[in-house]
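Undergrad: Sharing a structure with you now.
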2 protein chains.
Amino acid sequence: MARKQSAADAPLRLDNQICFAVYSAAHAFNRVYKPLLDRLGLTYPQYLVMLVLWERDDVPVKDIGERLFLDSGTLTPLLKRLEAAHLVKRTRSSDDERLVLIALTPQGHALKEKARAVPQSILAASDCSVSELVTMKDEIVALRDRLNAVTGE
Amino acid sequence: MARKQSAADAPLRLDNQICFAVYSAAHAFNRVYKPLLDRLGLTYPQYLVMLVLWERDDVPVKDIGERLFLDSGTLTPLLKRLEAAHLVKRTRSSDDERLVLIALTPQGHALKEKARAVPQSILAASDCSVSELVTMKDEIVALRDRLNAVTGE
DNA sequence: TCACATTTAATTGTTCGCAATTGAATACGC
DNA sequence: GCGTATTCAATTGCGAACAATTAAATGTGA
């Protein structure tokens, strides 16, 4: 019984787990982003929120949450920190008082220009062609969506 | 100038970011794992630590950290919780008193049998062939390692 | 040998991430 | 129109994740 590791254990080996690959890759990205985002005064999740708002602002918290798969327990304090940093303004909708609309401040809009340098630095760190990255991204998104389908979106 | 979105903004669009694909996939995995791991009384990072220990225990905290890319700030409290759950024992090495060796308790060893059901449930949720998953995993690991090389391992 | 650097865990403080609950506003069903 | 259900954000509590610091043990060089 040659046991490089018992064959029955293969499914439990760390190096065979795609989830660990994804989990550790996410952390690796975070570490690359950290120094770049420090210059913008943002954390990575805050950067994601800003990406959403740079596409379209004056949107309810819920919309941001659906886009990023985050809930109000995460977003409420994060958005308060962005407000404290004068990057966004939070106002109750007059149409529907349940909604809190998130709008960019002038500083929030302006930060977009400084942020343009970030994606190219990440691309360089990836040490990979754009087309390869696009292919991988699409595969990962497809996997993510299949996983989300199981847990009920 | 048809602007589906200004072309200059493409690098900043959320849907073009591979890092967000990875980030959101990691969360999606977490949500699938949650109910499975609840039955084992583990969180996902705790499960990763147990995977490492099921391969080989009686190892220092540092070894676990290198395997999972986590530091003592994360692992120390996590391991204390595993100890409180009677799954591991933490003892100072007599050879080198700086080291804290992590060993499985009998309950910790026994939990491995209950854990064998987990990977197949994940595979089912992935709705994907094993070979496709292996290919994706290898690509993601390669990307992760290139990113880690940039930040100095 | 003895000063000094390195290694290792632990600690502290800040920020996510999420489950569960709360409370207010709105929608709906009859 | 009125009671009930639903929607939405905020809150609370717990467990990561990591930077920065601390403290103890070990290794190294002169």
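Undergrad: Condition test on A:Lys137, is it within 11 Å of DNA strand C (Cβ to nearest atom) and charged (D, E, K, R)?
TA: Taking the combined requirement at face value, the residue does not satisfy it.
Undergrad: Just the residues that are in contact with a Lys or Arg (Cβ under 9 Å, 6 or more places away or on another chain) and buried (at least 18 other Cβ atoms within 10 Å of the Cβ), please, taken from segment B:129-153.
TA: B:Leu147, B:Asn148
Undergrad: Follow-up. May I ask you to verify whether A:Pro119 is modelled with pLDDT of 95 or more and out of contact with any helix residue (DSSP H, G or I) (no Cβ under 8 Å at 6 or more places or on another chain)?
TA: no
Undergrad: Only residues that are at the interface with chain A (Cβ under 7 Å from one of its Cβ atoms) and not in a helix (DSSP H, G or I): list them for segment B:117-143, please.
TA: Across segment B:117-143, the qualifying residues are B:Asp127, B:Cys128.
Undergrad: Then there's this: I'd like to know if segment A:21-36 contains one or more residues that are within 14 Å of chain B (Cβ to nearest Cβ) and within 9 Å of DNA strand C (Cβ to nearest atom).
TA: Yes, segment A:21-36 has at least one match.
Undergrad: Ok, one more. Criterion first (touching a Ser or Thr at 6+ places or on another chain (Cβ under 8 Å) and part of a helix (DSSP H, G or I)) does B:Val49 satisfy it?
TA: Taking the combined requirement at face value, the residue does not satisfy it.
Undergrad: Which numbered condition in (1) assigned to a helix (DSSP H, G or I); (2) over 15 Å from B:Leu42 (Cβ atoms); (3) of a type in the set (S, T, N, Q) is the only one that B:Thr91 fails?
TA: (1)
Undergrad: I would also like to ask the following. Checking B:Leu42 against (1) closer than 28 Å to A:Met50 by Cβ; (2) not in a helix (DSSP H, G or I), only one condition comes out false. Which one?
TA: Of (1) closer than 28 Å to A:Met50 by Cβ; (2) not in a helix (DSSP H, G or I), only one is false for B:Leu42: (1).
Undergrad: Moving on. Could you go through segment B:95-113 and let me know if any residue there is surrounded by 14 or more Cβ atoms within 10 Å (Cβ to Cβ), within 12 Å of chain A (Cβ to nearest Cβ) and closer than 17 Å to A:Phe20 by Cα.
TA: Taking every residue of segment B:95-113 in turn, none turns out to be surrounded by 14 or more Cβ atoms within 10 Å (Cβ to Cβ), within 12 Å of chain A (Cβ to nearest Cβ) and closer than 17 Å to A:Phe20 by Cα.
Undergrad: For segment A:52-63, give me the residue count where each residue is more than 8 Å from DNA strand D (Cβ to nearest atom), touching a residue at least 24 places away in the same chain (Cβ under 8 Å) and of a type in the set (A, V, I, L, M, F, W, C).
TA: 3
Undergrad: Which of the residues belonging to segment A:69-85 are without any contact (Cβ under 8 Å) to a residue 60 or more places away in the chain, under 23 Å from A:Ala149 (Cα atoms) and not charged (D, E, K, R)?
TA: A:Leu70, A:Ser72, A:Gly73, A:Thr74, A:Leu75
Undergrad: In addition: Condition test on A:Arg92, is it closer than 23 Å to A:Pro60 by Cα and free of Cβ contacts under 8 Å to residues at least 24 places away in the same chain?
TA: Yes: the conditions hold for A:Arg92.
Undergrad: I'm trying to understand the selection: among the residues of segment B:52-83, which are farther than 21 Å from A:Cys19 by Cα and part of a loop (DSSP other than H, G, I, E, B)?
TA: B:Asp57, B:Asp58
The values are calculated or read from the model by the stated rules, or taken from the named source; none is laboratory data. On a predicted model such as this, the values are computed, not experimentally measured, just so you know. Neighbour counts run over all protein chains shown; Cβ positions are idealised from the backbone, glycine included.
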